[in-house]
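What follows is one structure encoded as structure tokens, with my remarks underneath.
Bear in mind these aren't lab numbers, they're just calculated from the coordinates by the rules spelled out. Predicted model, so just to flag it, every value in this text is computed and none were measured. For neighbour counting, all protein chains shown are included, and Cβ atoms are generated from backbone atoms with ideal geometry for every residue, glycine included.
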Amino acid sequence: MREMPPVYVLTDFVSEAECGWMMNYTLPRMGRSVVAGGGVSDIRRSYSVNMMPDFDDEMHTVTRLARRKFAFAREVAGYSELREGPGQEPIDSRTVT
């Protein structure tokens, strides 16, 4: 493993039920992945969709995953704070055909 930047391997970060929920939620919404500058390319074979957490709904699966992601980042980086909420990257779901 590399030391800089660090690479982490996590087990059981997402439950089987959460994975199932994400598949059911994202697969019908996926579109062709865009390339730099916008648009699609016949060479690129991936499809993706972004999942935006609703920080007003703490029970939503995407919100729980986002909170878990932020907590992990705080822990491994030693941050006392890490901004959560609007302005953060969405959780990305991607598949390749």
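Local charge for E18 was computed over the other residues whose Cβ lies under 13 Å away, with Lys and Arg +1 and Asp and Glu -1, and equals +2. Axis angle, to the nearest 10 degrees, between helix 16-26 and the longest C-alpha principal axis of the chain: 40 degrees. Loop-located chymotrypsin sites (Phe, Trp or Tyr not before Pro) in the chain (DSSP state not H, G, I, E or B) with no more than 12 neighbouring Cβ atoms inside 10 Å: Y8, F13, Y79. Put simply, the amide H of S33, placed in the peptide plane, has neighbours under 5 Å in S46, Y47, S48, leaving out anything fewer than 5 places away on its chain.
In the elastic network of the chain, a GNM with C-alpha springs shorter than 10 Å, the most mobile of T11, T63, T26 is T11.
Calculate, in whole percent, how much of the Cα-Cα pair population of the chain lies beyond 24 Å. Of all Cα-Cα distances in the chain, 36 percent exceed 24 Å.
Given the rule -39500 (n - 2.57) for each run of at least 4 DSSP H residues, summed and divided by the residues of the chain, what is its mean residue ellipticity at 222 nm, to the nearest 500 deg cm²/dmol? Don't skip to the end; give the middle numbers.
Values: 2 runs with 28 residues, N = 97.
Calculated from helices alone, the mean residue ellipticity at 222 nm is -9500 deg cm²/dmol.
The calculated FRET efficiency for the pair E75 and L27, based on their C-beta separation and a Förster distance of 35 Å, comes to about 0.65.
For the chain, the longest principal axis of the alpha carbon atoms and the long axis of helix 61-77 meet at an angle near 60°. Taking 0.36 nm per residue of separation and subtracting the current Cα-Cα distance, fully stretching the chain between Q88 and R68 would add 5.8 nm.
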